[in-house]
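Let me begin by presenting the structure, written as structure tokens, before commenting on it.
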Ligand code: EPU
């Protein structure tokens, strides 16, 4: 296992290019199963989660070849509709093969994803949506068995939950509905850019979808889909991570291949925190020379502040004079980074789903442990601004979702290296 070692207290400056979005690429890869024919997907980031999804596609009988950011997927005629525990347990997003397998083969057997370090993540909404389309669903021996005796049928489906809406439940139901008979309306659909990206890919395959990006998505089922060539959007969470790092270190960074329309929530909060932000057409420049100011943040479904940037934003708040409050509305337990930040001298107190952050002058570098993907990113950012050396252990979490983060940070002047444990 590797660790990342950071010599802190250095400003980031220069240009960095954002990779393709992991959370777009994963469901789009699953969607390719909806056709027998080959799809070519470009701008796929080189990540551990992508490798896991490639292994899953192969286990399902598809051919998949990845080279230099381009992935060719050829599902062929005969899929084996069974997603094993060994793959699903390492990556929850594997659950998004459920909809495509059911629509293509009338049958899917997918391991229940189970627990997750960021909190309980049930899949009841995925199952409710697929049942509404006519599948009968049972869970046995840790597996979901979904069976459609007849062709799936379009329906009106309400997918809202007490937290808002679910990205992957929306994706799963949308993917099943594109091959269903008749019209489906998904109400309280997730509006995230990754859902829009998936819908665009499906439309290139020949699906009939409208309303993506709004809470009402309408789908007219078609008989068959073709393969398609598509390029995924850039990763708004990776872009946001660089934005926070630039602001925290008092640096000046031009983030290329970032879509400013997807970053409005983080732009707003970083401006309030005292950063200056210039939006280009496909890039964002973040700089800060003045003092940091406290901000309060509540995570919400898009276009609200993303939960996937909560930990990074907390790192920034730890060195912001005054008191800032973070409220986590998507995963009320997603605070594994708090105790590690506190080991670096931060003063963060948990009160239910809120974290009260008392800003200190400077963090002090320390050995810390990564617990999940975004917590890892927060610890790296904290290390960049801290006094002395920080070693972030268990870095495999970071490799699940950040494409060569240490290389990109080094190109911005950070002193970061990867070492074997
Ligand atoms: N939920 C339910 N029932 C369901 C599905 C979800 O109650 O059937 C609840 C969850 O408990 C949670 C909320 O819905 O409160 C959203 O969570 P969900 O598990 O549905 O999220 P997701 O769609 O599986 C995607 C991203 C996550 C990101 C969330 C929220 C992918 C592959 N994953 O997950 O990304 O945090 O949306 O925006 O797209 C990450 O990249 O680090 C990551 C965790």
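A few notes on this one:
- Tally, over segment 58-91, of residues that are free of Cβ contacts under 8 Å to residues at least 40 places away in the same chain and either buried (at least 22 other Cβ atoms within 10 Å of the Cβ) or in contact with a helix residue (DSSP H, G or I) (Cβ under 7 Å, 6 or more places away or on another chain) (or both): 10
- Odd one out for residue 314 among (1) in contact with a strand residue (DSSP E or B) (Cβ under 8 Å, 6 or more places away or on another chain); (2) within 30 Å of residue 188 (Cα to Cα); (3) touching a residue at least 40 places away in the same chain (Cβ under 8 Å); (4) surrounded by fewer than 24 Cβ atoms within 10 Å (Cβ to Cβ): (4)
- Residue identified as away from the ligand (no atom under 14 Å from the Cβ), within 25 Å of the chain's Cα centre (by Cα) and either within 17 Å of residue 295 (Cα to Cα) or buried (at least 16 other Cβ atoms within 10 Å of the Cβ) (or both) among 330, 360, 381: 381
- Segments classed as strands (runs of 3 or more DSSP E), wholly inside segment 142-187, with at least 2 members that are without any contact (Cβ under 8 Å) to a residue 12 or more places away in the chain: none
- Those residues of segment 333-345 which are surrounded by 20 or more Cβ atoms within 10 Å (Cβ to Cβ) and in contact (Cβ under 8 Å) with a residue 60 or more places away in the chain, in sequence order: 334
- Taking first residues from segment 232-251 that are at positive phi and partners that are away from the ligand (no atom under 11 Å from the Cβ), the Cβ contacts under 9 Å between residues at least 6 apart in sequence or on separate chains come to 250/11; 250/12; 250/287; 250/288; 250/289; 250/290; 250/292; 250/385.
- When segment 384-400 is limited to residues that are at pLDDT below 95 and in a helix (DSSP H, G or I), the one that is surrounded by the fewest Cβ atoms within 10 Å (Cβ to Cβ) turns out to be 396.
- Number of positions in segment 135-178 that are away from the ligand (no atom under 16 Å from the Cβ) and surrounded by fewer than 23 Cβ atoms within 10 Å (Cβ to Cβ): 16
- The set of residues in segment 36-51 that are in a loop (DSSP other than H, G, I, E, B), surrounded by fewer than 24 Cβ atoms within 10 Å (Cβ to Cβ) and touching a helix residue (DSSP H, G or I) at 6+ places or on another chain (Cβ under 9 Å) comprises 36, 38, 43, 45, 47.
The values are calculated or read from the model by the stated rules, or taken from the named source; none is laboratory data. Every value quoted in this text rests on a predicted model; they were computed, and no experiment measured them. Note that each Cβ is placed from the backbone with ideal geometry, even for glycine, and that neighbours are counted across all protein chains shown.
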